[in-house]
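J.: Quick one: the structure is below, questions incoming.
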Amino acid sequence: MFDVLIIGCGVVGAALAYELSKHELSVCVLEKENDVAVGTTKANSAILHSGYDPKPGTLMARLNVESVPLTKEICRKLDVPCKNIGSLTVAFSEDDMETVKRLYERGVKNGVPGLEIIGQEELRRKEPHISPEALGALWAPSAAIISPWELCLAMAQTAVRNGTELYLDSEVTEIKKKGESFIVKTSSGVYEARNIVNCAGVFSDKVHAMIAEPCFKILPHSGEYFLLDKCEGDKANTVIFQCPGEDTKGILVSPTVHGNLIVGPDNAAVKAGDLSVDAKRLQGIKETARKSVPDIGFGENIRNFAGIRAVTDIDDFIIGETEVQGFYDVAGIKSPGLSAAAAIGVYVKNMLEASGVPMRRKKSFVDERHVTRFNELTAEEKREAVEKNPLYGRVICRCETVTEGEIVDCIHAPIPPCSIDGVKRRVGAGMGRCQGGFCSPRVLEILARELGRDPMEIEKDKKGTYILTGRTKGEQA
């Protein structure tokens, strides 16, 4: 019997688990995939929005603005890459300048700190590669870039370290009310809990309908992206937005915390789970992005990908207890969902406490994490690391200078990876120019060795994405 059962371990589910793990509660997280952060959390713009875009008075506006400083503090404590570089919403016409003024006023109402409307001279000082047609911009200094999957993993690992139970490969198939508790059937077994929080992302409407009358519908929309090599990373110093439209914040150009340049996304309705990319859509992104930064070298593209937004027929986050007592929805967490996740965790924790769930703070809560990133160490620190553990002297991923020591560390940490992309999300092996072309076989070998598994069982990413199908040569005698 768990006090709280969370369905879904994307960044929102992880943020709630992290917050609840600070208290004397029995908490369980069910995730249908074989790892955390493999849905919307791993495929988005990786931005902490400042909060000027949501309509004043909405949960989006409130939780976005509250969450940004909370998230930065979590990143500091849990060693998650985060850079406070600010954002610019660029105007290319007088009509755009009027939009910038409206966004400024909205941001002031939302409580966004430090907003400023700047002119051409200051804009070009901040962004030398900006289009000469740009007239001015809204400067939002609190915006930041982040590694979203590392944030999710860090919060989930910390929750597990503090007693939360995480069950992967556990797709929820049925929920029934039994007295004052719930019986939850999954692909991995049956669980019982007094309270359930539905953080199932693009599937949250289906989970909701297992126990309560339907009251919202997820309308999945995808956004496609370019990820450019590090040689293009200096084309933007800040997050560069164009003025938003009715259904999108517009195409952005932004550096990433890993030194690349990300460009996108567009916006199109799709079926849940459709992560395909389309040449025509990508061409549209390319043409639109060059309106902001004309000299982007798209020939340096190393990957295209798509992410899914959990858009609903309600223009706000859907957070609250349903008509079924003890069952809570955290749904429709589209952009700025990543930005708001930390505050959503606090908000739902307070909601549970108000409903009668006792929140007694733990005296021994572990609220820190350290990750060894070999390529960020000084020469002396690298020597010391290799002396202590020779595996740090073996470079596996040449593009990102990721060592065997880092890979082994992540395999033996809370929530170990079971796939090649699971290692990639934890330590960056395979994120470079060759996209794992050279290091993937070695990563597979290390995973099989450290986990004691047959190499044939190691997957590329999600369940069923096997790489090896059989031997091409017989074993030597």
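J.: Run the lone-cysteine check on the chain: no other Cys C-beta under 4.7 Å from the residue's C-beta.
T.: CYS9, CYS28, CYS152, CYS199, CYS215, CYS231, CYS243, CYS399, CYS410, CYS418, CYS434
J.: Another question about this same structure. From zero outward in steps of 10 Å, how is the percent of C-alpha pairs of the range 297-371 spread across the bins?
T.: 14, 31, 29, 18, 7, 2
J.: Please give the net charge around THR401, taking every other residue with its beta carbon less than 11 angstrom from that of THR401, where Lys and Arg add +1 and Asp and Glu add -1.
T.: Numbers: positive: ARG373, LYS382, ARG398; negative: GLU376, GLU400, GLU406.
For residues surrounding THR401, the net value is 0.
J.: Exceeding 21 Å between C-alpha atoms, which entries from my cross-link table qualify? They are LYS32/LYS349; LYS55/LYS286; LYS55/LYS101; LYS32/LYS206; LYS32/LYS463.
T.: Details: LYS32/LYS349 23 Å; LYS55/LYS286 29 Å; LYS55/LYS101 15 Å; LYS32/LYS206 13 Å; LYS32/LYS463 10 Å.
From LYS32/LYS349; LYS55/LYS286; LYS55/LYS101; LYS32/LYS206; LYS32/LYS463, over 21 Å: LYS32/LYS349; LYS55/LYS286.
J.: Treat the range 141-211 as a sphere of radius equal to its Kirkwood radius over Cα pairs and apply Stokes-Einstein at 25 °C in a medium of 0.890 mPa s; give the translational diffusion coefficient in µm²/s, rounded to a whole number.
T.: 170
J.: Here's another thing I want to ask about it. May I ask for the equivalent-ellipsoid semi-axes of the range 212-322, computed as the square root of five times each C-alpha gyration tensor eigenvalue and listed largest first in whole Å? Walk me through the numbers before you get to the answer.
T.: Working: eigenvalues 178, 42, 33 Å².
Gyration-tensor ellipsoid for the range 212-322: 30, 15, 13 Å.
J.: Here is a further query. Dimensions of the range 44-115 along principal axes (Cα, Å, largest first)?
T.: Computed over the Cα atoms, the extents are 44, 26, 23 Å.
J.: Here is a further query. Taking the simple approach of a point 7 Å from Cα along Cα-to-Cβ for both ASP295 and GLU98, what is their distance in nm?
T.: 3.4
J.: A follow-up question, please. How big is the Cα convex hull of the chain in projection, averaged over all directions, in nm²?
T.: On the way: hull surface 98.2 nm².
Over all viewing directions, the chain projects a mean Cα-hull area of 24.5 nm².
J.: I'd like the GluC sites (Glu not before Pro) in the range 253-340 restricted to DSSP loop residues with at most 15 other Cβ atoms within 10 Å, sorted by number.
T.: Listed in order of number, the matching sites are GLU323.
J.: Of the chymotrypsin sites (Phe, Trp or Tyr not before Pro) in the range 1-64, which ones lie in a loop per DSSP and count no more than 12 other C-beta atoms within 10 Å? Each step should come with its number before you reach the end.
T.: Working: sites: PHE2, TYR18, TYR52; in loops: TYR52.
For chymotrypsin sites (Phe, Trp or Tyr not before Pro) across the range 1-64 that sit outside H, G, I, E and B with at most 12 neighbouring Cβ atoms in 10 Å, the list is empty.
J.: Pairwise over distinct Cα atoms, reciprocal of the mean inverse distance: report the Kirkwood radius of the range 398-439 in Å, one decimal place. Could the numbers behind the result be given before it?
T.: Working: mean 1/r = 0.0979 Å⁻¹.
When all Cα pairs of the range 398-439 are included, the Kirkwood radius is 10.2 Å.
J.: Where does the charge balance sit around ARG360 when Lys and Arg score +1, Asp and Glu -1, over other residues with C-beta under 12 Å from its C-beta? Show your work: numbers first, answer last.
T.: Details: positive: LYS22, ARG361, LYS362, LYS363; negative: ASP3, GLU24, GLU353.
Combined, the nearby Lys, Arg, Asp and Glu give +1.
J.: Answer rounded, prolate or oblate for the range 178-240, using the Cα gyration tensor with square roots of eigenvalues a ≥ b ≥ c: rounded when a/c is under 1.5, else prolate when a/b is larger than b/c, else oblate. Show your work: numbers first, answer last.
T.: Values: a/c = 3.66, a/b = 2.66, b/c = 1.37.
Taking the square roots of the gyration eigenvalues as a ≥ b ≥ c, the range 178-240 is prolate.
J.: Give the Debye-formula value of log10 I(q)/I(0) at each listed q (0.17, 0.30 Å⁻¹), with one equal scatterer per alpha carbon of the range 438-477, two decimals each.
T.: Rounded to two decimals, the profile gives -0.48, -1.13.
J.: Another one. Label ASN375 and ASP454 with points 7 Å out from Cα along Cα→Cβ: what is the distance between them in nm?
T.: In this crude spin-label approximation the distance works out to 3.5 nm.
J.: In the range 417-475, what GluC sites (Glu not before Pro) fall in a loop by DSSP, with at most 10 other Cβ atoms inside 10 Å?
T.: Details: sites: GLU445, GLU450, GLU457, GLU459, GLU475; in loops: GLU475.
Answer by residue number: GLU475.
J.: At 222 nm, what value in deg cm²/dmol follows for the chain if DSSP H runs of at least 4 each add -39500 (n - 2.57) and the sum is divided by all its residues, to the nearest 500?
T.: That comes out to -9500 deg cm²/dmol.
J.: While we're looking at this one, here's another question. Take LYS55, LYS349, LYS473, LYS382 and order them by how many other Cβ atoms sit within 10 Å, fewest up front. Could you put the intermediate results ahead of the total?
T.: Values: LYS55 12, LYS349 22, LYS473 5, LYS382 17.
In increasing order of surrounding Cβ atoms, one gets LYS473, LYS55, LYS382, LYS349.
J.: Please list, or write none, the aspartates and glutamates whose alpha carbon is within less than 14 Å of the alpha carbon of LYS362, excluding same-chain residues fewer than 8 places away.
T.: List returned: GLU19, GLU24.
J.: For the range 376-457, place one equal point scatterer on every Cα, skip the solvent, and apply the Debye formula. What is log10 of I(q)/I(0) at q = 0.16, 0.23 Å⁻¹?
T.: The Debye formula, applied to the Cα set alone, gives -0.57, -1.10.
J.: Quick one: if you stick a label point 7 Å off each Cα along the C-beta vector at LYS286 and VAL366, how many nm between them?
T.: Simple spin-label model gives 4.8 nm for this pair.
J.: Which value, to two decimals, describes the C-alpha radius of gyration of the range 21-79 once divided by 2.2 N^0.38 Å? Display every interim value, and only then the final one.
T.: Details: Rg = 14.8 Å, N = 59, 2.2 N^0.38 = 10.4 Å.
Against the empirical 2.2 N^0.38 Å value, I get 1.43 for the range 21-79.
Read-outs: derived from the displayed coordinates by stated rules, not from any lab. For clarity, every value in this text was computed on a predicted model and none was experimentally measured. Every residue, glycine among them, receives a Cβ derived from its backbone with ideal geometry; neighbour counts consider all protein chains shown.
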